[in-house]
Amino acid sequence: MYGLARRVPGRAPSVRFASRLSLSLSRGAPIDIHPEVEDALATGQPVVALETALTTHGLPPPINLEVTKDLESVVRSTGSIPATIGIVAGRVKIGLEKSDLERLANVHRNPRSVKISRRDIAPAIASKADGGTTICATLIFAALANIKVFATGGLGGVHRGAENSMDVSADLHELTRCPVGLVSAGVKSILDIGRTLEYLETLGVPVVSYSNTKDFPAFFSPRSGFQTPWNTNDPAVAARMLHAQWQLGLENGALFAVPIPEEYAEKGEIIQQAVNQAVLESEQNGMSKRGKDVTPWLLSRVAELTNRGSIDSNIALLKHTARIGGQIAVQHRKLFF
Ligand code: PSU
Ligand code: MN
């Protein structure tokens, strides 16, 4: 049986959310929870969700597999348990076996693995597809399993030119319905940061710079020029923000925007120029109208233009957010003892 229905006295924070997973399982939903994750959730250990769209569509092989594994190790080093989420052969995996991870990462042998957002979940399951879950879909499964913290690279958002293309990532809206603290290096570098922040404000999603200033980061650079209403760089304070929100029954998530380490700042400006060029090219060659294919195309074009320099920065910021995500999860659990 799945241990989430078990309750360790004084530990499990929310029977209601735990029971959502039990309910799905009782309906026969195709979900596999890794035993380690199941045990961690049942015994009240901190857990951090990790996504796999970055494995299938964000980073090139073979580094994608290596990085996904490294992120799990970084989470572990903080005392939290990683739960990497993805879809394998039409089954939702919460915590991936090594073989599943290798299968998802092997994009050459598995070229049809899908980039999974909310709209893709049910069709992918019914087609027994493999897929990397975006922030949107990972939030959904993290919330279902009562995982409270999720660490990744860059949130999707309002694309440049969205006033015409209407390309606004489903990641944003998902943060209004999943009670999960998302730790990222802000939003993807290719986006319109100002409009994305406006949209998050409209949606009522807390945005907190994880820093000693209110500067909102720009993914490859520590500062975007935009300010957020809140900031902290203390994992215990971040955990209390999440706790207060959920004590009140607010069922939304929150965004903790972590700047890339300062030593990458200078390089960040050069990468940002490549980003601007790639965005321009995508408008000229029609890629910008290709929906979910836009992000992977832009990221690989930026890697090409920077001689893969963007990939090194991307990896550095991913490890950084994984560490902070782990720390916040540890502090969040402490609030229940
Ligand atoms: N940021 C990156 N690399 C990525 C992504 C974001 O630096 O691969 C992925 C995330 O999984 C995010 C998704 O959820 O892109 C957003 O895609 P779209 O804009 O199509 O919603
Ligand atoms: Mn989109």
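Some notes on this structure:
- Test set (1) modelled with pLDDT of 95 or more; (2) within 15 Å of ligand 2 (Cβ to nearest atom); (3) farther than 23 Å from LEU203 by Cα - VAL114 fails condition number: (1)
- Residue, nearest to ligand 2 (Cβ to nearest atom), within segment 158-179, restricted to residues that are in a loop (DSSP other than H, G, I, E, B) and surrounded by fewer than 24 Cβ atoms within 10 Å (Cβ to Cβ): ASP167
- Any chance PHE220 is aromatic (Phe, Trp, Tyr), away from ligand 1 (no atom under 13 Å from the Cβ), crowded, with 20+ Cβ neighbours inside 10 Å and modelled with pLDDT of 95 or more: no
- So GLY132, is it part of a loop (DSSP other than H, G, I, E, B), touching an Asp or Glu at 6+ places or on another chain (Cβ under 9 Å) and buried (at least 24 other Cβ atoms within 10 Å of the Cβ): no
- Strands (runs of 3 or more DSSP E) enclosed by segment 32-97 - at least 2 residues per element that are within 27 Å of SER313 (Cα to Cα) and touching a strand residue (DSSP E or B) at 6+ places or on another chain (Cβ under 9 Å): 47-50, 81-88
- Hits in segment 105-153 - residues which are aromatic (Phe, Trp, Tyr) and either without any contact (Cβ under 8 Å) to a residue 40 or more places away in the chain or within 11 Å of ligand 1 (Cβ to nearest atom) (or both): PHE150
- Taking segment 255-291 as the range and being under 30 Å from PRO179 (Cβ atoms), modelled with pLDDT of 95 or more and surrounded by fewer than 22 Cβ atoms within 10 Å (Cβ to Cβ) as the test, only PRO261 passes.
- Some residue of segment 281-294 being within 28 Å of PHE141 (Cβ to Cβ), assigned to a helix (DSSP H, G or I) and either away from ligand 1 (no atom under 16 Å from the Cβ) or aliphatic (A, V, I, L, M) (or both): yes
The values are calculated or read from the model by the stated rules, or taken from the named source; none is laboratory data. Predicted model, so just to flag it, every value in this text is computed and none were measured. We place every Cβ from the backbone using ideal geometry, glycine too, and count neighbours over all the protein chains shown.
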